[in-house]
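Student: Submitted below is the structure of interest, expressed as structure tokens.
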Amino acid sequence: MAFSAREISSKRISGLVHIYLRETGEVRLGNPFPELLDETTYQQIMTDPNFWIEESLEAKIINHISQYVDIAGSLFHLGTETLITHVYDLLPLNNSRIDLSDVLSRLPILVNRLTRTVFLHIEPIAEKSVRMIFHYFPGYRERWYDVLFFKGMLKGLTVLFELETAEIQLVSTKLFGLHVLHKDLGPNIQFGSSVNQFSFAWNGNPAHLSRSELNKDDISNRHRVIVVSKSDSTSEEYSVVDLSDVVDKSRQLAIENRDLEAAVQVLKSFKSELEKKQKSIAKDLKLAKNIQQGLIPAFIPDWKGIQFWSYYQPMQEVSGDYYDYFPFGSEQLGVVLCDVSGHGVPAAFITALSKMLFTTHRKSKPSEAFKFINRELLELVKQQCYTTCIYAIVQEDYKVIYCVAGHPRPIHYSAKTQMVTTLDGEGTFLGMFPDAGDTYVDKQVQLEPGDKLIFYTDGIVEAENDRGEPFGEERLLQTIANAKHLTIQETIEKIMQVHREFTVGTDPMDDITILGWQLSPELPEFNRLRKEGEAFYIQKKYALAKESLSKAHSILPRELGTQLSYGRALALNGEFEKAIATLESYNKFKTNHYLSHSVLGFCYFKVGNIERAESEWKKAHHLNDDNLSILYNLGIVYQKLGLRAKLKEILEKMKRIQSSHETILPLEKKWEKMLDEKT
């Protein structure tokens, strides 16, 4: 029978079929691939080691097997076994020994005995490295499984020659991708190349090989045995290697390796599931964090000359610390700071509950609020959690009435005496004891210009340095005393700087929150400038109003009434960009004042940003839906944008409010003109 240039030895596919039958548990006695080949051909493949088949048939069988079994590792080990099994035929018949370079030069002979689709060309690169180029016959293309099989053959050389270290890498291939991880074949593989080549490099002194007709167990019958020798300057060592033993061990290693790979796949599956759960948890925590950030104010606005500054650092994604403020009309302001027991999501849930309870129970006395909140927490959380708290109500004359519930007592700095003291106050924490209401006692302190109050959670004082020493209350008091000439913002920042330097190199043990107050030492001047600016505004002297309100605003930059008046004065003075910046800052406090959005819409309209003007005027309309001037402005926007339907809707809303209003007729004319232009 004449050989075809596209034939290949059946040895490789025979080994893969054995693996397929073992892995799938196939029990049939006959051909498992009746749709691919007949029974006679199948039996020849499985029993005749000298049988050759068309490479296209091998490709069909391999593609079929690979749908059911991961054969990447099997192909690699088959290549190793093939090299070990057939290297005996490459050795000299006179039993003389040869080295690795001699075997490499004879390796193309072995490749030719396995396939007629490719021939191997070997080029030396250096003393201990070669380049192996696989040339495919016309009409035949490289297959992904060839790459794994050939690399396995090269691995067989490292086993037989007892190479200390060897590097086998796929350099380039005509393939555009592989079914296995590229890192298993080498880094920086050039895909889609015009040549298929491996690099093979080794270190150390390889062994020498030679034939032997002796059995390693000294049995007289001829057996395929190789003598492996290693020599140095003083001695020469010999060992007799039975190739059948090497193949058996290689197969056992392949089975163990597959078992290990299966275990790795299971672990990867577990890891993947764990990563999915972790991502889900992280997503939930991120959502919880965003929700909590919406509950806790980023900053508290200045109130009647009192400036606030805070520092908030959760130990985890979400925190058990919570602070908030509650206006009681224009005469009083409530400020609360809580520390829930525990950490993470359960504690964060209690902070959300606390916000609801403090919003609900706005009592004129903090102790009264504590009594109601304690009872409701007991009912809701069933003594599973508790919270410490300090709650204060500051009055218009700057008298602060406060109550403590198991929380660190507030610290007071007196500008008059320049003394720092810890104020009185005690009481049982909230949410644990039914009779805790009897322990809540209101205390008070009078603030003078320049005075400071510091509220904090115990995460500040209980934090330790790398020697296990706590930061402590005394160090906190001393830091506040050293900051007596600083503003409240600078004081809080100074405290945290000292705190960070003290705890450097340690992990936080608790959430940290600190909230500072200060009655501005420039309060008289602020009041004078604000009154002056408002008078100029009433007189429509907007330039003078702007100057006075600007100076007042610089003294108390978070005093919202002044900030809004300053923004309006800037707008009416034609300084639209400055007005926009001022009013955008004002709106961050979420005051929901329709006037700020109305003036901001006017400024955006004046600078030509029609979309933002519409957005701000729509917000203003939502907050004050019967204001005709806001509706008129929206009508002008829709007329300018050519939105006839929306302009008509605005006209109808205006007529429902006041049908005779003087601004309606001009808008109607504009709408009619738009209709005429459309017609």
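Student: Kindly provide the chymotrypsin sites (Phe, Trp or Tyr not before Pro) of the stretch 19-99 that DSSP labels as loop, not H, G, I, E or B, and whose Cβ sees at most 12 other Cβ atoms within 10 Å. It would help to have the intermediate numbers written out before the result.
Tutor: Details: sites: Y20, Y42, F51, W52, Y68, F76, Y88; in loops: F51, Y68.
Answer in residue order: Y68.
Student: With each label point set 7 Å from Cα along the Cα-Cβ vector, what nm distance links D38 and F176?
Tutor: 3.8
Student: Another question about this same structure. With +1 on each Lys and Arg Cβ and -1 on each Asp and Glu Cβ, and nothing else charged, work out how big the dipole of the stretch 366-476 is about its Cα centre, in Debye to the nearest 20.
Tutor: Working: 10 positive and 19 negative charges, 24 e Å.
Once rounded to the nearest 20, the dipole reads 120 debye.
Student: How do the peptides 373-380, 99-106 rank, highest first, by the average count of neighbouring beta carbon atoms within 10 Å per residue?
Tutor: Numbers: 373-380: 18.8, 99-106: 16.2.
The packing order, highest mean first, is 373-380, 99-106.
Student: Counting other Cβ atoms within 10 Å, which trypsin sites (Lys or Arg not before Pro) in the stretch 381-443 have at most 13 and lie in a DSSP loop?
Tutor: When the trypsin sites (Lys or Arg not before Pro) of the stretch 381-443 are filtered for loop state and at most 13 Cβ neighbours within 10 Å, K382, K416 remain.
Student: Any chance you could tell me what percent of the C-alpha pair distances in the stretch 496-577 go past 21 Å?
Tutor: Of all Cα-Cα pairs in the stretch 496-577, 46 percent lie more than 21 Å apart.
Student: Something else now. Restricting everything to alpha-carbon atoms, can you work out Rg to Rh for the stretch 333-429 with a Kirkwood hydrodynamic radius? Each step should come with its number before you reach the end.
Tutor: Working: Rg = 14.5 Å, Rh = 14.3 Å.
Across the stretch 333-429, the Cα-based Rg/Rh ratio is 1.01.
Student: What is the Cα centroid distance between the stretch 510-561 and the stretch 73-109, reported in whole angstrom?
Tutor: Here the answer is 91 Å between Cα centres.
Student: Answer rounded, prolate or oblate for the stretch 48-166, using the Cα gyration tensor with square roots of eigenvalues a ≥ b ≥ c: rounded when a/c is under 1.5, else prolate when a/b is larger than b/c, else oblate.
Tutor: Details: a/c = 1.68, a/b = 1.63, b/c = 1.04.
Prolate, because a/c is 1.5 or more and a/b exceeds b/c.
Student: If you don't mind, there's one more thing I want to ask. Charges at C-beta only: +1 for Lys and Arg, -1 for Asp and Glu. How large is the resulting dipole of the stretch 71-213 about its Cα centre, in Debye rounded to 20?
Tutor: Numbers: 13 positive and 13 negative charges, 92 e Å.
That gives the stretch 71-213 a dipole magnitude of about 440 debye.
Student: Counting other C-beta atoms within 10 Å, and keeping those with at most 13, which DSSP coil trypsin sites (Lys or Arg not before Pro) do you find in the stretch 510-567?
Tutor: Values: sites: R528, R530, K531, K540, K541, K546, K551, R558; in loops: K540, K541, R558.
Filter output for the stretch 510-567: K540.
Student: Another question, if that's okay. Using the Karplus equation 6.51 cos²θ - 1.76 cosθ + 1.60 (θ = phi - 60°), what ³J(HN,Hα) coupling, rounded to whole Hz, does each residue of the stretch 591-603 give in order, writing x for Gly and Pro?
Tutor: Per-residue couplings from phi come out as 6, 6, 9, 4, 5, 5, 6, 5, 5, 5, x, 4, 5 Hz.
Student: Residue separation times 0.36 nm, minus the C-alpha to C-alpha distance between K673 and S659: what's the value?
Tutor: Result for the pair: 3.0 nm of gain on full extension.
Student: Then there's this: Where does each of W144, W617 land when they are ordered by accessible area, with a 1.4 Å probe and the largest first? Walk me through the intermediate numbers first.
Tutor: Values: W144 35, W617 10 Å².
Accessible-area ranking of W144, W617, largest first: W144, W617.
Student: What residues have an amide H closer than 5 Å to that of N196, excluding those fewer than 5 places away on the same chain, when H is modeled at 1.01 Å from N in the peptide plane?
Tutor: Amide H to amide H, under 5 Å and 5 or more residues apart or across chains, N196 pairs with F134.
Student: Give me the distance between the Cα centres of the stretch 147-178 and the stretch 620-679, rounded to whole Å.
Tutor: With the stretch 147-178 and the stretch 620-679 each reduced to a Cα centre, they are spaced 79 Å.
Student: Pairs K416/K578; K399/K484; K304/K590; K365/K619; K155/K279; K151/K279: which exceed 30 Å Cα-Cα?
Tutor: On the way: K416/K578 38 Å; K399/K484 21 Å; K304/K590 18 Å; K365/K619 36 Å; K155/K279 40 Å; K151/K279 38 Å.
Beyond 30 Å between Cα atoms: K416/K578; K365/K619; K155/K279; K151/K279.
Student: Okay, moving on. More than 20 Å apart: what percent of Cα pairs in the stretch 431-514 qualify?
Tutor: 47
Student: In the structure shown, do any of K276/K355; K646/K669; K541/K655; K452/K494; K540/K670 have a Cα-Cα gap over 23 Å, and if so which?
Tutor: In this structure, K276/K355; K541/K655; K540/K670 exceed 23 Å between Cα atoms.
The values are calculated or read from the model by the stated rules, or taken from the named source; none is laboratory data. These numbers come from a predicted model, not from an experiment. Every residue, glycine as well, gets a Cβ built from its backbone with ideal geometry; the counts of neighbours run over all protein chains shown. The protein model used for the area step is the full one, side chains on, heavy atoms only, and it has no ligands, DNA or RNA in it. Shrake-Rupley method; radii C 1.70, N 1.55, O 1.52, S 1.80 Å.
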